[in-house]
Amino acid sequence: MTSTPRRRQAPRRPLARSRIGARQLATLLGEWDSAEPVYAALSDRIRLLLSDGRLATHTRLPAERELAEELGRSRTTIVAAYRALRESGHLISMRGSGSVLVLPRALPGRSALEVDFARSVPAPVAGLDEIVRAVADRAPTVLEHSGFDLVGQQRLRESIAARYTEHGARTGPDQILITLGAQNAIALTARTVLRHGDRVLIETPTYPHAYEALRNAGGRLVSTPVTTTGWEIDHLVSAIERVRPELIYLIPDFHNPTGSSMNAEQRERVIASARRNGALVLIDETTADLDIDRPDSPPTFPSLTTTRDADTLVSVGSLSKTIWGGLRVGWIRAEPAMISRLITRRPADDLGTPVIEQLIATRVLECYDLLLTRRADQLRAGRDLLVSLLRTSLPDWRIPDVHGGLALWVELGAPLSSALASACQPRGVRITAGPRFGIDGARERFIRVPFTAGADHLERGVRILREAWESLDPVPTPGTQTPPHPML
């Protein structure tokens, strides 16, 4: 019997998981035009949007003619930009499938990464290795249990509750749920309390993965501004009264990315307004323990709640920034009824926090204050060095004074944040452009620069930042005015 030759399989078409319209893409692009060939500037900006997460992989781009009309450019320019993206491995175009973004296996022409300014991730705190070794000795005992833990180990929950009580918020272990870090805690809370279309009030700028989680849970996002000088508290309270959101997401201590902290009066006004309008306040305390030299310590949000508004507040915390990013242990503090709702909702997404990591976290909390002192010393050295380097090497940039946290929210003096990020990539530095921290495509005049790396990396990174900045055209000279960034 003669066998039929096997038909050669056609290459698989890229699966488009989402589509972005021409108007939405134009908003994300911001002020992308430059002195280089227009098609190259456009393709570079789309690559940046893909690499920093503002555009997801497997997103279908608009048709060339549609985007040309929206941007006011010739179709030839868009065709050339898409061709450049295909040549660099960032775009796959097939008849019937459109043009779909992908991440290339290797970035052609890119130098090896020298400095990662895109992530504010400190090294493991000194002494963590000893704790891990001590916990490893207990492995035989741990293996006697199933390992599935939706709630969290009793001793760990007691330790976290005790810290809240010490800071003025009386808390019991039944008010604590252990999670897979703060990001997991934010997403779980959002999925539990939000319905599709519920309004969510967020700060802008803010932590990108938080607003993504809130949006993915169905939230309709409304923003209120925060800067390096703090919150426009009248605007924030007015927004609560006007929008009447279901949820309010705030980072009140060493805010990411601005570094600001709310004072006591501002916290009290937020809680009072949320109570009046029936809003749940989700407080992100991930950076709250990253104090370097704050002159005063405002009360924690949980300590401001009373019996009448206890169900107004949910707090989330984590050990990922204070101790180590690889220690995926976080928590939620809420009223027992809310904790029960969260536990019921949780199995749809995860089956609990690993037991070994909870044991490490319990040991960490036994000497937490000592470890925080070590972390503060490390962050102080990095902050002081970075501020000195930036003010010396890039004197036209506005460098804020921060008293804690992990990064500086730097004002460039020109709307060139995305252009700078693009210029840094081939030079071996990854840095996140300002618009990544908002939902409206604005903040092109800002860039976040972490001070978590070692001295050598900070010095090399600032040197490359200066080189990339000087390569941009035009870079305003001192005394010249730059046109204001348009509202997008």
*Restricting attention to the stretch 76-96, report how many residues are among the hydrophobic types (A, V, I, L, M, F, W, C), surrounded by 15 or more Cβ atoms within 10 Å (Cβ to Cβ) and not in a helix (DSSP H, G or I).*
2
*Please find, among A22, A41, A63, A26, the residue that is in contact with a Ser or Thr (Cβ under 6 Å, 6 or more places away or on another chain) and of a type in the set (G, A, S).*
A41
*Kindly establish whether I439 is assigned to a loop (DSSP other than H, G, I, E, B) and either touching a strand residue (DSSP E or B) at 6+ places or on another chain (Cβ under 6 Å) or outside the structural domain of R374 (by TED's automatic domain parsing) (or both).*
yes
*Residue within the stretch 127-135 that is modelled with pLDDT of 75 or more, surrounded by 15 or more Cβ atoms within 10 Å (Cβ to Cβ) and assigned to a loop (DSSP other than H, G, I, E, B) present*: no
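Looking only at residues that are small (G, A, S) and in a loop (DSSP other than H, G, I, E, B) in the stretch 10-28, which one is modelled with the highest pLDDT?
Narrowing the stretch 10-28 to residues small (G, A, S): 10, 16, 18, 21-22, 26.
The next check asks that each one be in a loop (DSSP other than H, G, I, E, B); those that pass are 10, 16, 21.
Working: A10: 46, A16: 63, G21: 90.
Step by step, filter the stretch 10-28, then rank; the result is G21.
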_If the requirement is being buried (at least 19 other Cβ atoms within 10 Å of the Cβ) and free of Cβ contacts under 8 Å to residues at least 24 places away in the same chain, which of these qualifies: T224, T258?_
T224
*Looking at the stretch 388-431, which of its residues are within 14 Å of P450 (Cα to Cα), free of Cβ contacts under 8 Å to residues at least 24 places away in the same chain and of a type outside the set (D, E)?*
S388, I399
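Okay, residues lined up against (1) buried (at least 24 other Cβ atoms within 10 Å of the Cβ); (2) of a type in the set (A, V, I, L, M); (3) in contact (Cβ under 8 Å) with a residue 24 or more places away in the chain:
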| residue | (1), (2), (3) |
| --- | --- |
| R244 | no, no, yes |
| D253 | yes, no, yes |
| A264 | no, yes, yes |
| T305 | no, no, yes |
*Considering each residue of the stretch 322-337, count those that are more than 24 Å from L128 (Cβ to Cβ), assigned to a loop (DSSP other than H, G, I, E, B) and in contact with a helix residue (DSSP H, G or I) (Cβ under 6 Å, 6 or more places away or on another chain), and give that number.*
1
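Can you confirm whether P302 is assigned to a loop (DSSP other than H, G, I, E, B) and modelled with pLDDT under 95? Break it down into steps so the answer makes sense when it comes.
Details: assigned to a loop (DSSP other than H, G, I, E, B): no; modelled with pLDDT under 95: yes.
It is false that P302 is assigned to a loop (DSSP other than H, G, I, E, B) and modelled with pLDDT under 95.
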*Does R333 satisfy the condition of being of a type in the set (K, R), closer than 25 Å to I356 by Cα, in contact with a Phe, Trp or Tyr (Cβ under 7 Å, 6 or more places away or on another chain) and in the same structural domain as I360 (by TED's automatic domain parsing)?*
yes
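This table checks each residue for (1) in contact with a Gly (Cβ under 7 Å, 6 or more places away or on another chain); (2) part of a helix (DSSP H, G or I); (3) not β-branched (V, I, T).
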site	(1), (2), (3)
E357	no, yes, yes
I360	no, yes, no
V364	no, yes, no
L370	no, yes, yes
L379	no, yes, yes
G382	no, yes, yes
L386	no, yes, yes
L390	no, yes, yes
D396	yes, no, yes
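Would you please name the residue that is farthest from P173 (Cα to Cα), looking only at residues in the stretch 307-335 that are of a type in the set (K, R) and crowded, with 24+ Cβ neighbours inside 10 Å?
So the first thing to find is which residues in the stretch 307-335 are of a type in the set (K, R), and the list is 308, 321, 328, 333.
Within this subset, residues satisfying the condition of being crowded, with 24+ Cβ neighbours inside 10 Å are 321, 333.
On the way: K321: 23, R333: 9 Å.
By that ranking, first place goes to K321.
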*(1) of a type outside the set (S, T, Y); (2) surrounded by 15 or more Cβ atoms within 10 Å (Cβ to Cβ); (3) closer than 21 Å to Y164 by Cβ: which one isn't true of L379, the others all being true?*
(3)
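This table checks each residue for (1) more than 25 Å from the chain's Cα centre (by Cα); (2) within 25 Å of A213 (Cα to Cα).
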| position | (1), (2) |
| --- | --- |
| T306 | yes, no |
| A310 | yes, yes |
| G317 | no, yes |
| R341 | yes, yes |
| D350 | no, yes |
| A381 | no, no |
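Return yes or no: is A68 at pLDDT 90 or above, part of a helix (DSSP H, G or I) and either out of contact with any His (no Cβ under 7 Å at 6 or more places or on another chain) or not assigned by TED's automatic domain parsing to the domain that holds Q425 (or both)?
On the way: at pLDDT 90 or above: yes; part of a helix (DSSP H, G or I): yes; either out of contact with any His (no Cβ under 7 Å at 6 or more places or on another chain) or not assigned by TED's automatic domain parsing to the domain that holds Q425 (or both): yes.
Here the answer is yes, as A68 does meet what is asked.
For A468, state whether it is in a helix (DSSP H, G or I) and of a type outside the set (D, E).
Details: in a helix (DSSP H, G or I): yes; of a type outside the set (D, E): yes.
Criteria met by A468.
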*Go through (1) over 29 Å from L49 (Cβ atoms); (2) among the hydrophobic types (A, V, I, L, M, F, W, C); (3) surrounded by fewer than 22 Cβ atoms within 10 Å (Cβ to Cβ) and name the single condition I178 misses.*
(3)
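Only one of these is among the polar types (S, T, N, Q) and not assigned by TED's automatic domain parsing to the domain that holds A136: Q378, Q358. Name it.
Details: Q358 fails: not assigned by TED's automatic domain parsing to the domain that holds A136.
Result: Q378 is the single residue among Q378, Q358 that is among the polar types (S, T, N, Q) and not assigned by TED's automatic domain parsing to the domain that holds A136.
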*asked:* Can you confirm whether I248 is over 20 Å from L372 (Cα atoms) and within 19 Å of the chain's Cα centre (by Cα)?
replied: yes
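Does A187 fit the bill of being assigned to a helix (DSSP H, G or I) and touching a strand residue (DSSP E or B) at 6+ places or on another chain (Cβ under 7 Å)?
Working: assigned to a helix (DSSP H, G or I): yes; touching a strand residue (DSSP E or B) at 6+ places or on another chain (Cβ under 7 Å): no.
Considered against the rule, which asks whether it is assigned to a helix (DSSP H, G or I) and touching a strand residue (DSSP E or B) at 6+ places or on another chain (Cβ under 7 Å), A187 comes out as no.
The values are calculated or read from the model by the stated rules, or taken from the named source; none is laboratory data. The shown structure was predicted, so the numbers you read here are calculated from the model rather than taken from an experiment. Cβ sites come from the backbone with ideal geometry, for glycine too, and all protein chains shown count toward neighbours.
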